[in-house]
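Data first, discussion second: the structure below is written as structure tokens.
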Amino acid sequence: MICAIPLALAMNNVPSGPVQNTLYDLHRSFGALILLLVLIRLPYRLFAGAPPPEPGLPRWQIGLSHAVHWLLYLFLLAMPIVGWVGTSAYGAPITVFWLFQLPAIVDKNEALANMLLGWHATAGLIMGGLVIIHIAAALYHRFVRHDGVLARMLPSAG
């Protein structure tokens, strides 16, 4: 997401041409990578479960945390799929890091492409907001509450 969102913002704010095309290719490549990683991570999360909440957290923070996490998963799964379908409907190829091309999954349809890519862009803004909320919450726990929530998110050094 750290790459996909800035690429999306940049690709729509540069003139048409080779630079814009490269930014689109990179954005689509990161989208494909995100989809693959979510398809690996989500089943693990569903079967392994999440660690128990940090002791002493208010119930509203636990509930909000769960809601944000599941919304992040929803958007991380749905956005690449909607982007793939929209790009296919637009008629543009999705070449993943210039190594291989994903198949088009719908026929060219400009109206469908405009609708889906509009949804994709709006969802991207919502996703960016969710990421900001997630980061802000982690920093709040680290620097205001001084609890172990942020440490639990980081890979263990063991």
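Inside region 93-127, residues that are farther than 17 Å from VAL38 by Cβ, at pLDDT below 95 and open to solvent by less than 30 Å² (accessible area, probe 1.4 Å) make up a count of 0. Whenever a residue of region 83-94 is within 16 Å of GLY124 (Cβ to Cβ) and touching a residue at least 40 places away in the same chain (Cβ under 8 Å), its partners that are open to solvent by 10 Å² or more (accessible area, probe 1.4 Å) and among the hydroxyl-bearing types (Ser, Thr, Tyr), lying with C-beta atoms within less than 9 angstrom and at least six residues away or across chains, give the pairs THR87/TYR24. Filtering PRO52, PRO43 for residues that are more than 18 Å from GLY128 (Cβ to Cβ) and part of a loop (DSSP other than H, G, I, E, B) leaves a single hit, PRO52. Among the residues of region 55-92, those that are farther than 25 Å from LEU130 by Cβ, open to solvent by 40 Å² or more (accessible area, probe 1.4 Å) and outside any helix (DSSP H, G or I) comprise PRO55, GLY91. Does at least one position in region 105-123 carry a residue that is part of a loop (DSSP other than H, G, I, E, B) and more than 21 Å from GLY31 (Cβ to Cβ)? Checked region 105-123: no residue is part of a loop (DSSP other than H, G, I, E, B) and more than 21 Å from GLY31 (Cβ to Cβ). Checking each residue in region 22-51 for being of a type in the set (D, E, K, R) and open to solvent by less than 60 Å² (accessible area, probe 1.4 Å) picks out ASP25, ARG28, ARG45.
The values are calculated or read from the model by the stated rules, or taken from the named source; none is laboratory data. The model shown is predicted, which means the values in this text are computed figures rather than measured ones. For neighbour counting, all protein chains shown are included, and Cβ atoms are generated from backbone atoms with ideal geometry for every residue, glycine included. Areas reflect the complete protein model, heavy atoms only, side chains present, ligands, DNA and RNA absent. Shrake-Rupley method; radii C 1.70, N 1.55, O 1.52, S 1.80 Å.
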